[in-house]
Every structure is written in C-alpha cells, then in structure tokens.
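Here is the structure we will look at.
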Amino acid sequence: MIPDLTAPEPPTLRVAHLVGDENWGGVTRSLAFLSKAPALARHARHSIVPVRPGTSQMPEIEADC
C-alpha cells in the first residue's frame, strides 16, 4: 500500500497559553486567533488556559510548552 502523502499529519505539539486576564483585549484576541488559525493548527494544538491571578493553584495542563 502506498501512503497518502497529501494527507496532513496531525499536530503532535501541544501548546498551552496561560491567561490571567480574560478581558477581550489584544492579547486575548491574538490567542484566540492562534488557537484557531488553520496554518498554525498544522503544527501544534493551541489551547487557552485561564489562570486566576493571585491563586496558588495551577490548573492541570496537558501540554508540551
């Protein structure tokens, strides 16, 4: 069987963006773009993880960077 070289490989890199301010500002808009951009999705799975400022507990994150 000949492999289909036109099929994209699923991204293996998992990137978590930690956000302490979820207001709809420039950083939040940029991260929303990063998490949904098809060109970037070919290379990594981006997720936005809200983090409460001042908390000592971090959410459990499954990411490579």
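Each value in this text was obtained by applying a stated rule to the coordinates, not by laboratory testing. Just so it is clear, the model here is predicted, and its values are computed rather than measured. With ideal geometry, Cβ positions are generated from the backbone for all residues, glycine too; neighbour counts draw on all protein chains shown.
Details
- Cα-projected label distance for Ala37 with Trp24, points at 7 Å along beta-carbon direction, nm: 2.1 nm
- Inter-label distance, Val51 to Ala63: 0.8 nm, where each label sits 7 Å from its Cα along the C-beta direction.
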